[in-house]
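One structure is given here, and the rest of the page talks about it.
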Amino acid sequence: MKMWTLIVNILVVPPTFAMGQSVAPSNGGTPPPIAFDITKADIDAVLKNPAPHSSDQPIRVVDMGKYNLEVAIVHRGPTKDKPGDPINVAYHDQTAETYIMLSGSAVLTTGGTIVDKKLRPGQNIVNGPGGDGTAGKDAYSRRVKAGDIIIIPPGVPHGWSQITEDLVYLSVRPDPDRVLPGGYVNPLLLKNPPAEDK
């Protein structure tokens, strides 16, 4: 099974389309009565038109009733670091992440302590409040590649190094505290909603 087919099977529930529909936030109540599709064309459009100074692009944030759920596409270019160099890490206080690796490979470092930990100022609409630092004691590094899936709980440090070719992955973020903007749709997708198949 090709990776894109797997992703479509995970993210798409075909009977009902919500691309051009507006769904009011439920404020912790009933889940929406419709499905939300994210097509390969949507992902490609966001990858081809990235926001300035950001590798992590939210595609949409769905209000699921008792929590929000974000799907984002992340593109990271090659790095010049070498084995043994300090590894920059991030952490998110309230949101978990599931990485679904689509292409490329790199070293992913997770866990352990954070050296020189700094809070990010303001609210981050991509992945919620958190901060950055450098990987410290007890961090675990391994090479990941296309086809791998990684689950990162809230608060766990994580960072990339030794990216030798473009790295692309989906990040699926459950948001039980609703720190992400429910109802958000990437502006690129509002321009060309797909036609309903009747």
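What follows is calculated from the coordinates using simple rules that are stated; it is not laboratory data. This is a predicted model, so every value here is computed, not measured. With ideal geometry, Cβ positions are generated from the backbone for all residues, glycine too; neighbour counts draw on all protein chains shown.
At a glance:
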read-out: Asp85-Ala51 pseudo-label distance in nm [points 7 Å out on the Cα-to-Cβ vector]; value: 2.6 nm
read-out: Set Lys48/Lys118; Lys48/Lys145; Lys40/Lys145; Lys82/Lys137; Lys82/Lys145; Lys48/Lys82 screened for pairs whose C-alpha atoms are more than 23 Å apart; value: Lys48/Lys118; Lys48/Lys82
read-out: Label-point separation, Glu165 to Asp44 (7 Å along Cα→Cβ), nm; value: 1.9 nm
read-out: Amide H within-cut-off set for Leu102, under 5 Å, with H built and near neighbours excluded; value: Gly147, Val168, Tyr169, Leu170
read-out: Length added when fully stretched, Lys117-Asp138, from 0.36 nm per residue minus Cα-Cα; value: 6.0 nm
read-out: Vicinal HN-Hα couplings computed from phi for segment 167-174 (Karplus, 6.51 cos²θ - 1.76 cosθ + 1.60; Hz; Gly/Pro x); value: 10, 10, 8, 8, 10, 9, 10, x
read-out: Karplus-derived 3J(HN,Hα), 6.51/-1.76/1.60, for each residue of segment 36-53, Hz, glycine and proline x; value: 10, 9, 10, 8, 4, 4, 4, 4, 4, 4, 5, 5, 7, 10, x, 5, x, 6
read-out: Net length gained if the chain between Tyr67 and Ser105 were fully extended (0.36 nm per residue, minus Cα distance); value: 10.5 nm
read-out: Most to least packed among 78-89, 54-65 [average Cβ atoms within 10 Å]; value: 54-65, 78-89
read-out: Label-point gap, in nm, between Asp93 and Ala35 - each point 7 angstrom along Cα→Cβ; value: 3.7 nm
read-out: Neighbour-count order for His92, His158, fewest beta carbons within 10 angstrom listed first; value: His158, His92
